[in-house]
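See structure below.
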Amino acid sequence: MHRREFIKKTAMTGAICLTPSFLTASSTPTLKEGLAVYELRWKFDLSHHSAKACALWIPLPSDINGFQRLIELGNSTEAETHFESDHNRYTARTFYARWDKSAVSKTLKLSMTLALRDRQCDFRPKRICPEMLEHAREFLAPSPHIPTDGAVAKVAKKIIGGEKNPLKKARKIYDWIIANGYRDESVQGCGVGSPNAMLSQLEQDGRMGGKCLDMSALCVALMRASHIPAREVMGIRVGASRLSPAFGAGEEITKAQHCKVEFFIPNMGWIPCDPADITKLVLKEGIDKNSPRAMELANKFFGFWENNWMALNHARDFDLYPANTQGSLDSFGYPYAEVDGEYLDPFDPKSFSYTIRSAKEA
């Protein structure tokens, strides 16, 4: 029997001091509040994997107070099993679907309505509750892909020098990433996110190339090594940018994944930034990183996310739920699928057979 489900997101009130940045907004946003509203359509078709069991895990957006609100989520599928869950280490919202070997049609359609507002930090002190402080400390710890010792610790110490102010330390690290990094278009997808690989390249070549996950992971590692809680945030560009074509996407967003950064200051909370997009700006616009335009946007992007990018999660080095066959993921910015327990390459959407399209409401 064909099964079709639609889930209407309802508003819930929550105190910002009691929650991390991924939380439930207090009301459904409207265009009158200066928001951009997007309709997204995800289509998956694994039917060509006939006589094989297929399993699919899809990252879903989470609500972020003052920035992002998921208004509606719907799905259409004949999958034997399918459900939404956040049962994993980072409570990364996930849509899971599984088809038995005997299934002829192995398709899934997801639809969602999302409202986004520019996220701009004013850097003013505010009251931060103990629960939020305690949660933030979790993002000081190293992980398999985010080391805080060795080369990372050595470089972090060199960057921050004798600076004690955590916000100024974060800005020094952010500026250092931009000054020493460049966007390498030969890198697949968003990159592998290895801080040690980036630093090794810097030592060898005097500069380091990569894409957004590479830059963001190094930024996070250096901040954690400097006693600043930090995390990468995986996401997707969903529309055009009013700041530069380098920061935007069209209606076809299947390959528009992009990773940003959040760091935590005890009397300010989580602060957004994006050093990787400044290296992309320099490449795409053919400008010098010390030009007035690059420096202006570098200043703006320290404490800013534009409302044409959808955040998914900050999950790195974690286990999916239900458990997959291939083991822990290093990140979860792309759909993940297995066919008879074998991994499908998400960087090749045509063979994987999925598309994502976005349309901005007028």
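Results, tabulated for the structure shown:
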{"quantity": "Accessible surface, the chain, averaged per residue in Å² (probe 1.4 Å)", "calculated": "44 Å²"}
{"quantity": "Residue among MET310, MET295, MET208 with the largest mean-square fluctuation in a Gaussian network model of the chain, springs linking Cα atoms under 10 Å", "calculated": "MET295"}
{"quantity": "Ellipsoid semi-axes in whole angstrom, largest first, where each is sqrt(5λ) of the Cα gyration tensor of region 228-326", "calculated": "26, 19, 12"}
{"quantity": "Alpha-carbon Debye profile of region 289-362, log10 I(q)/I(0) at 0.22, 0.27 Å⁻¹", "calculated": "-1.05, -1.26"}
{"quantity": "Cβ charges +1 (Lys, Arg) and -1 (Asp, Glu), total dipole of region 84-240, debye", "calculated": "380 debye"}
{"quantity": "Electrostatic dipole magnitude of the chain [Cβ: Lys, Arg +1; Asp, Glu -1; Cα centre; debye, to 20]", "calculated": "940 debye"}
{"quantity": "For the chain, with +1 on Lys and Arg beta carbons and -1 on Asp and Glu, the positive-most of PRO346, LEU35, GLY286 along the dipole", "calculated": "LEU35"}
{"quantity": "Cα-based Rg of region 196-250 normalised by 2.2 N^0.38 Å, two decimals", "calculated": "1.42"}
{"quantity": "Charge dipole (region 81-208, unit charges on Cβ, about Cα centre) - positive-most of GLY193, LEU116, GLY150", "calculated": "LEU116"}
{"quantity": "Alpha-carbon centroid distance for the pair region 268-310 / region 163-202, whole angstrom", "calculated": "13 Å"}
{"quantity": "Cα lying deepest toward the dipole's positive end in region 207-362, options TYR334, LEU320, ALA298, charges on Cβ", "calculated": "ALA298"}
{"quantity": "Equivalent ellipsoid, the chain (semi-axes from 5 times Cα gyration tensor eigenvalues, Å)", "calculated": "33, 23, 20"}
{"quantity": "Within region 272-288, backbone nitrogen closer than 20 Å to the virtual label 7 Å beyond the Cα of ALA179 toward Cβ", "calculated": "273-283, 287-288"}
{"quantity": "Accessible surface of HIS227 - all protein chains present, 1.4 Å probe, nearest 10 Å²", "calculated": "150 Å²"}
{"quantity": "Assigned charges on the beta-carbon of Lys, Arg, Asp, Glu; region 261-329 dipole about Cα centre (debye)", "calculated": "140 debye"}
{"quantity": "Kirkwood-based Rg to Rh ratio, region 146-279, C-alpha trace", "calculated": "0.97"}
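The values are calculated or read from the model by the stated rules, or taken from the named source; none is laboratory data. Keep in mind that this is a model prediction, so the values were computed, not measured. Methodologically, a virtual Cβ is constructed for each residue, glycine included, from the backbone with ideal geometry; neighbour enumeration extends over all protein chains shown. Surface accessibility is based on the protein's heavy atoms, side chains included, excluding ligands, DNA and RNA. Shrake-Rupley method; radii C 1.70, N 1.55, O 1.52, S 1.80 Å.
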